[in-house]
Every structure is written in C-alpha cells, then in structure tokens.
Amino acid sequence: MSAPRPHTAHPSQPAPPPRSRGRRPGRSPPLRRGGRRGAAPSFRPPGERGRAETAAAGRAGGTAKMAAPLAGQAVAALRDLTLRSARLRGGFPAVQLTPRRWLNLQEYQSKKLMADHGVTVQRFFVADSANDALEAAQRLKAKEIVLKAQILAGGRGKGVFNSGLKGGVHLTKDPKIVEQLAKQMIGYNLSTKQTPKDGVTVKKVMVAEALNISRETYFAILMDRACNGPVMVGSPEGGVDIEEVAVTSPERIFKEEIDIFEGIKDHQALQMAKNLGFKGPLQQQAADQIKKLYNLFLKIDATQVEVNPFGETPEGQVVCFDAKINFDDNAEFRQKEIFAMDDKSENEPIENEAAKYDLKYIGLDGNIACFVNGAGLAMATCDIISLNGGKPANFLDLGGGVKEAQVYQAFKLLTADPKVEAILVNIFGGIVNCATIANGITKACRELELKVPLVVRLEGTNVHEAQRILNESGLPITSANDLEDAAKKAVASVTEQ
C-alpha cells in the first residue's frame, strides 16, 4: 500500500497562525478531470454547421475567449466550460446539463500522478476496508491524520452517510478512530449536494497525513488559445475561488506565457514564485515545484493543472494541497495508462452503455430525445426545443465517422428511457453521410418497433439519397425542412399525445 503524499480539506481564508489541513469540509474533491467542479461536459467548439444553427451553436457552446483585463483572461480560460453551461441555463432554464466528466479520476489517483512527477503532496495510503485503514494510519506515524471518502462528487465534508455518520472528511490523532470512522464510511452511501438523492457508495478511503498550513497561494498552468500555448496564472490569494480574486483584487493575478518549444525558463518560475509571495529559501523551492508541475502538464497531455492552494507549511515546505487536472481527450492514444484509470462506477449505467459505442450521452429531465452529431449542434438543438416550449430528454452526440450499428444502438438507448415521448434527429452531414444515418434509422424503427413520434431533419452530404430512403421506407417518420421546423414538429407531437 505504497503511496505519494496528499492532502486534507482546507480553510477558506488564510490566517497568520498555522492550521491543520482539513478544516474546510465544504470543499469539493480535487484533481478530477472534466473540468471544473460542477461543470458541464468538455464540449468542443462546433465545426461548420450551416445557416442559422451555426450561430446558435456558437452562442450555446462556443469557447469563451480570453480578453483584457488580465483577471478576465485568467477567469475566462479557467472557467470556460462553466460559463458555457451558465449561459445555457440562464437563457433557457428548461435545459439543465448534468455535470459529467469524460475522464474521472479519484483524488488518490491524481495525487499519485503528481507525486510520480516529483510534485510535493502529502503522504497517504488508500484503504478499502476498516482494517486496512487502521494499518494505513499506523504506518503514517503522523501527528494528525485526515480520513477522506473517495467519491467524485464535491461537498464531501458536509455530506451525510446512510450509516448515520456526518461528513466524508474527518481529522483525528488516533489511528483507532480512523478504523471506527472507516467502518461507517466504506460500503455506505455518501450524499452531498452533487450526488444523486440516494448518494454514492464509498468503496475506498484515503488515509493521509494532515499538515498545518501557514500561507495559501493559487497557481495554474493551462492551454490558452489566444497565446497558442501554455500560460501560467498565479495569485498570492489562495484557498478561495479565483473568480472572487479577479473581481475584488484583479491586480493580484499574474500571468506568464510559456514558449511550448523552449519550455519554462528558470527566471520565469522564480518570478512567478516571487509574485506568489514566497520568500527566502521557499522562493526557490516554489520555483522548483512550478517547473515540476509544468513537466507534469506536458507529460500527461493536460489542458489544465490548477493548484489551489499552492501552500507553505510552518516547517518551511511548499506543498500542493488541492488541485485538479484536465486532460486532452485527443491524447488518449498515448496516455492509455491514465485513461485506463477512468472511474466509471459513479456514472449512470446508460452513459457507460453509450460509451461502448462511442456515443456521448447525458440524461436530462425532459421528454423529447435529441439525436445529433456534434456537441455544438446538440446544444443548439436543446435550446431550440426549449424555445418552442418543449424539454429535451437527453444530450446524445453521435460524433463523426458514424456507422449504421451506432445509429441502431443510439435508438436503442433512447427508446429505453421511459420519459421519452418523441425523438428528434438533427444531423448536419459534413463528415457524416446522411444516407448512413437514414439506413440506421429505418433499421432501428423496424427492429425496435418504435412507438413514439420520430422527427428527422437531415442536411448535407448525400441528403437526397437519405430522404429517398426515409420516404420509401413506409415508416411513420416526420421530415423537417430545418432545425426550427423540426423542433416545432417534435414539440407538437408530444402535445398531441
């Protein structure tokens, strides 16, 4: 049960006297892909969609650009996906995207990644039984121990177990207390603000050394499109949301571009450490950690590594206490070990089933199923359904390179949802051959004996052949001229029922 060195929850505001890590029970779990805490999925910008829906897709799912002032640039890059879902929810309240991450790593997995690349985190072990937790606590030989339930949802500290235990994060100095707490955690469901109503079953706990912290800073490395490469963003104000700092003290946010071909320079790392307020020997130590974080960023094909807080202890150690990592999905082919760690145990079963066929599925709370290719077009479709008085039942993205078998499986998933009262197919055939979609649709309708109204709007490659296939199928399929027409017909079909 070897391990690197992790962390515990932390205080929301820095204070002069040192504190024991683990005092901020409300903080969400660190080091998870997908983006931000409670963020929408990692949607890529839509390609050419054609006519009016291109603009709609851009508004709904477009990338938030980094713009002046500097604080605004940092926030735009760090919170890109959160802003997308916020715009969507604000404009059309009926569309509520459930937070999902395409790559899910538990806290202990991500901390091990950091430690393996020389980044300083707290010592920890992982246990899947109360007895193992006791042994881990004894092996740590720490003055104080933090026990953390390992689930992907945030708000663990304020969560409640169905065993009666309150809180998924606990501090203690007694290893025997660790054992008692673990008995009430492992195998029980933990409910937080971010979990389903019944909670999530805890299968593992992290037993870590609790460290005091004397000062907190914020540090991140991220890919910035405006700079065509990585950028460091830092602030001496750590332990709080960077958005708060951007609003209240924008001059306290520092940005430094890195030449991706030359890499991070010593003077850049030292200057950032100085900007973060590290002094004396701690300044060089912080600079070394910054360079190791950049090395991690490159080696694992990350799009963001955010450490908050990036802190110092009274003993003179610079430690990465809390962090999260975003990975580039396109690099899966060369990061197989990392992607193999993907924890799908907390996903909805239908999401895991969809992933088997390279389909991206997100369940929503409406009754009109959306069958679309491309995330931007899918979001625009959800929007237009809402604008016309309907509610989308899901977000299903076919992507490119579609085959008939995928279309069939997609219909199988959609029709298995008892909430679905109509299906809207909206395909823009660029890479996708509309005839392939049409053949898949007719096959699915016949074999699955489709019993709900089906509205189909196809445009693009081989669309005339696709329309011929649908028209000659003899199936009750309603064709639409454009996206708005399709949305109106789908909403009307549900209303008629």
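Things to note:
- Note on exposure: Ile325, Ile264 ranked by accessible area (1.4 Å probe, complete protein assembly) read Ile264, Ile325, with the most exposed listed first.
- Rounded accessible area per residue of region 135-292, 1.4 Å, Å²: 47 Å²
- Gained length - Lys356 relative to His464, 0.36 nm times residue gap less alpha-carbon distance: 35.8 nm
- Förster radius 25 Å - calculated FRET efficiency between Gln317 and Lys197, Cβ distance, rounded to 0.05: 0.05
- Surface accessible to a 1.4 Å probe, per residue, for the residues of region 350-396, Å²: 27 Å²
- Overall, the accessible surface of region 113-228 at a probe of 1.4 angstrom is composed of carbon and sulfur to the extent of 46 percent.
- Sorting Glu107, Glu144 by solvent-accessible area of protein heavy atoms yields Glu144, Glu107, largest first, with a 1.4 Å probe.
- Multiplying the residue separation of Asp116 and Gln138 by 0.36 nm and subtracting their alpha-carbon distance yields 5.6 nm.
- Of Lys412/Lys488; Lys141/Lys166; Lys412/Lys443; Lys255/Lys324; Lys143/Lys291, those spanning more than 21 Å from alpha-carbon to alpha-carbon: Lys412/Lys488; Lys141/Lys166; Lys143/Lys291
- Separation of region 128-182 from region 187-264 is 23 Å, based on Cα centroids.
- The Phe333 and Lys299 beta-carbon pair, evaluated with R₀ = 22 Å, returns a calculated FRET efficiency of approximately 0.90.
- Accessible area in the full protein assembly, largest first, 1.4 Å probe, for Thr478, Thr436: Thr478, Thr436
- Per-atom-type breakdown for region 255-313 gives carbon and sulfur 50% of the accessible area (1.4 Å probe, protein chains only).
- Average accessible area per residue (Å²) across region 403-461 - probe 1.4 Å, nucleic acids and ligands excluded: 39 Å²
- Cross-link pairs Lys391/Lys451; Lys148/Lys360; Lys356/Lys403; Lys112/Lys279; Lys148/Lys193; Lys111/Lys292 - those with Cα-Cα distance over 21 Å: Lys148/Lys360; Lys112/Lys279
- The modelled label-to-label distance between Asp241 and Asp259, using points 7 Å beyond Cα along the C-beta direction, is 3.8 nm.
The values are calculated or read from the model by the stated rules, or taken from the named source; none is laboratory data. From a predicted model like this one, the values you see are computed outputs, not experimental measurements. A quick note on method: Cβ atoms are made from the backbone with ideal geometry, for glycine too, and the neighbour counts reach across all protein chains shown. Surface accessibility is based on the protein's heavy atoms, side chains included, excluding ligands, DNA and RNA. Shrake-Rupley method; radii C 1.70, N 1.55, O 1.52, S 1.80 Å.
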